[in-house]
Each structure stands twice: as structure tokens, then as C-alpha cells.
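Visitor: First the structure, which I've put down as C-alpha cells, then a few questions once you've had a look.
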Amino acid sequence: QVLSDVFNTPVYTIDTANSACLGSAYRAIHGLVAETNVSLADVVKLAPEPRLAVTPTAGAEELYRPLLKRYAELEQKVIYNPTSSC
């Protein structure tokens, strides 16, 4: 539920063992190919079919929007300039 609230988006899961590890692996692959402008959607297009787990809580977006903006800025800084300090 926290992820859904923070990112103001539904959260889906897949019916597989260690799905969190699998998700982390997809994210790592995406990080490795970031320079080629491959989207995360392209990286995970062969993943198993997801199912809806939770939806955002009403009003959570107002709390998390400024924090999410800062998170995105830091993530971009790390992806495109990994030697810099945050």
C-alpha cells in the first residue's frame, strides 16, 4: 500500500516465487541499459502477467508529491552521473 500511495499508482504483483527479487532484477537490467534509452516497460515486456494488488489511498498524493519529485531528481542524478554524490 505504501508504494501505491507514494507513487500514486496501482500496484500489481506477479504470481511467481520471489517476485520482489525478480522486480529488482528487472530494475537492475533497466539501470544497465539506461544509456540506450530502453524503457522499463521494454525491459519487463516478457514478464508474467500481473494482477492488481492495491490502489492509492485518496489524498496520499498531496503528501508524497513533493517527496516523489525529489526522489526522481536523485534517481536521475545517480543513473546519468553515477560518480556524483547525492
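The values are calculated or read from the model by the stated rules, or taken from the named source; none is laboratory data. Keep in mind it's a predicted model, so treat the numbers as computed, not measured. The protein model used for the area step is the full one, side chains on, heavy atoms only, and it has no ligands, DNA or RNA in it. Shrake-Rupley method; radii C 1.70, N 1.55, O 1.52, S 1.80 Å.
Visitor: What is the residue count in the range 47-86 for residues that are assigned to a loop (DSSP other than H, G, I, E, B), within 27 Å of Ile14 (Cα to Cα) and open to solvent by 80 Å² or more (accessible area, probe 1.4 Å)?
Guide: Residues in the range 47-86 being assigned to a loop (DSSP other than H, G, I, E, B), within 27 Å of Ile14 (Cα to Cα) and open to solvent by 80 Å² or more (accessible area, probe 1.4 Å): 2 in total.
Visitor: Consider Tyr26 carefully, then state whether it is among the aromatic types (Phe, Trp, Tyr), open to solvent by less than 60 Å² (accessible area, probe 1.4 Å) and modelled with pLDDT of 85 or more.
Guide: yes
Visitor: Same structure, new question: Among the residues of the range 1-46 satisfying the criterion of being of a type in the set (Asp, Glu) and either assigned to a helix (DSSP H, G or I) or under 14 Å from the mean Cα position of the chain (by Cα) (or both), which is nearest to Glu62 (Cα to Cα)?
Guide: Result: Asp5.
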